[in-house]
1. Take every residue in peptide B:245-252, count the Cβ atoms of other chains within 10 Å of its Cβ, and give the average of those counts.
2. Any idea what diffusion coefficient chain B gets from Stokes-Einstein, in µm²/s, Kirkwood Rh on alpha carbon pairs, 20 °C, 1.002 mPa s?
3. Which value in deg cm²/dmol, rounded to the nearest 500, describes the helix-derived mean residue ellipticity at 222 nm for chain B, given -39,500 (n - 2.57) per DSSP H run of n ≥ 4 and division by the residue count?
4. Quick one: which residues, 5+ away or cross-chain, put their amide H under 5 Å from the amide H of A:Tyr199? H built at 1.01 Å from N.
5. Testing the spin-label approximation: label points 7 Å from Cα along Cα→Cβ at A:Lys128 and A:Asn39. State their distance in nm.
6. Relative to the longest principal Cα axis of chain B, at what angle does helix B:83-107 sit, 0 to 90 degrees, rounded to 10?
7. Within 15 Å, Cβ to Cβ, of B:Thr143, how many net charges do the neighbouring residues add up to if Lys/Arg are +1 and Asp/Glu are -1?
8. How large is ³J(HN,Hα) for each residue in region B:263-274, as worked out from phi by the Karplus curve 6.51 cos²θ - 1.76 cosθ + 1.60 (θ = phi - 60°), to whole Hz, x for Gly and Pro?
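Bear in mind these aren't lab numbers, they're just calculated from the coordinates by the rules spelled out. Fair warning: this is a prediction, and the values are worked out from it, not measured in the lab. Every residue, glycine as well, gets a Cβ built from its backbone with ideal geometry; the counts of neighbours run over all protein chains shown.
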Amino acid sequence: MTQLALVIDLNVCVGCHACVTNCKEWNTSGPAGPMVDQNPYDKNPTGTFFNRVQTFEVGEFPNTETVHFPKSCLHCEDPPCVPVCPTGASYKRKEDGIVLVDYDKCIGCKYCSWACPYGAREFDEAQKIMKKCTLCVDRIYDKSMTEEERRPACVRACPTSARLFGDIHDPESEVSRAIREAGGYPLMPEWGTSPANHYLPRRKIKLRIRHDEIERADNPLKIDGLLPKPDKAEPALDDVTSW
Amino acid sequence: MKPAFSVIFLTTLIGAGQGLFLALFTAESYAAFGLLSPQPTSFYALGSACALLFLAGGLVASFFHLGRPERAWRAAAQWRTSWLSREVIVLPAFMGTVFLYGAAHGLGVNPALARLPSGAPINLTAVLGAAGTLLAFALYVCTGMVYACLRFLREWHTPLTVINYILLGGASGFAFAALFSAWALPGLTRFYAGWALAIAFIAMVGRVAALVRNARLKPKSTLQSALGIKHPRIVQKAQGAMGGSFNTREFFHGQPDALLSMVKWFFLAFAFIVPMALLSVATVSEAPAPSLTAAFIIQFAGLLAERWFFFAQASHPQNLYYQSVA
Ligand code: SF4
Ligand code: SF4
């Protein structure tokens, strides 16, 4: 079985909101209708987004780190938002595990948004229906695009490649390997929702270089070139003997 | 959570309607077994009409909760998995049964459908009443489970939620039955006032138990598990929007804690203590109508406050992602 998902590398995300912008642009121009904003040019602008980037400060000054945290529907493998929907508008696709809302069936009761512990669903105040990330289901299968383009808009936009996209059930996919090798983890594992999207943790990058790896121990005169050839009678330049 | 007035009125009004129907059928069952003298059928017909008014009021309120009310019929589709869908099916079924029950009484169409071995007849209204009773309880369970099934809204995820929906609705329904009988059939007033008093008392015990339980809850999700960062000190610096979002509007009640605790004391007094005192007065008074009127109205106000508090008190784990704007 396929389970498409995003893997987001918190170590790489710089919080530029390119994914937010491209997501909004792609999805507001799509056949499903616009994602309308309220007061876009006024005080308190607000609107529907599938993806948001939040920022957190971890630690105590001066030992703080800024973590930018992109947040969208995690396409849970056991999504609590789906069974509660009274109309069947919310559903999880068997073929690729994407959780979708059928905008033509949704009655806007908001019950599914109560049932999502992550706050991933947003009610569209203009269309009066529930919306959420579709993993760009209208892009990724579009044969009129090149294979490079058949990826979610956010993934395409990310300038630092913090967003990976693929099938987490295929052990050899890029995303599975990233989860396995870089310590990918799900959010709020305590609720047993098995989110498909994973996050890669912050990592301390340290170069371990010893002094003698930068400076040649056998070049005491700091002159590159042929080494002075010691006399047979003289001690060698290695650690065992000395001058 | 942000309390939605549509849902507050839906749950309190249908709760009272169900309770009123249960009250009517209680009296009929007592009469059937000779524990009460039989009541005139007009009492049941009128009472059912009142119950239908409550239920219809709740139904109308519920439509204000929907973004697309014109598609409401679709909500009956997922009864296999969704308690909300089940509620949507049971509510009209119950209303239909109440209507038939009232109509059978009103038109005097009440043939004996079968006989007990003792020879006592089982009338049409008895069958309709029993079906209505089952549906009334089914509806309470559905309404309660809509909230109790959401496992990460831990204030709701307890059997007490369902039990209290039954008890609170029952209390106000029987209180209305007492008031109604004071006008329509004074002989039954004391009977209903006694029942209403007893149910209100048990409801108070159930609600206080829920309050005590919720006061001791420790959140399961933390900012650490929400982000997957294991540092004790994490501060939000941006939530991805400056002007708020659906997430900040739907899941926060936005009221100070002081107001919440005021509402709590208000509903404890108005939903339980004051109406219980008034009902006690009514059981001994010669002219109980004024105190019963006050009891029902005050209790209903208390129950509206109770429902507001019920929603406001539930804290959704998504709020962890929306701690501060900037
Ligand atoms: S993140 Fe929320 S909306 Fe998305 S599948 Fe999981 S529970 Fe449903
Ligand atoms: S808001 Fe729409 S998708 Fe969500 S539960 Fe209600 S009908 Fe289903």
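1. Mean inter-chain Cβ contacts per residue within 10 Å come to 6.
2. Working: Rh = 21.4 Å.
In µm²/s, the coefficient rounds to 100.
3. Working: 11 runs with 211 residues, N = 326.
The helix contribution divided over chain B gives -22000 deg cm²/dmol.
4. A:Ile8, A:Tyr185
5. Going from the A:Lys128 label point to the A:Asn39 one covers 2.3 nm.
6. Once rounded, one gets 20 degrees.
7. Details: positive: B:Arg86, B:Arg307; negative: B:Glu87, B:Glu306.
With Lys, Arg at +1 and Asp, Glu at -1, the neighbours total 0.
8. Values per residue, Gly and Pro as x: 4, 4, 5, 4, 6, 4, 6, 7, 7, 10, 4, 4 Hz.
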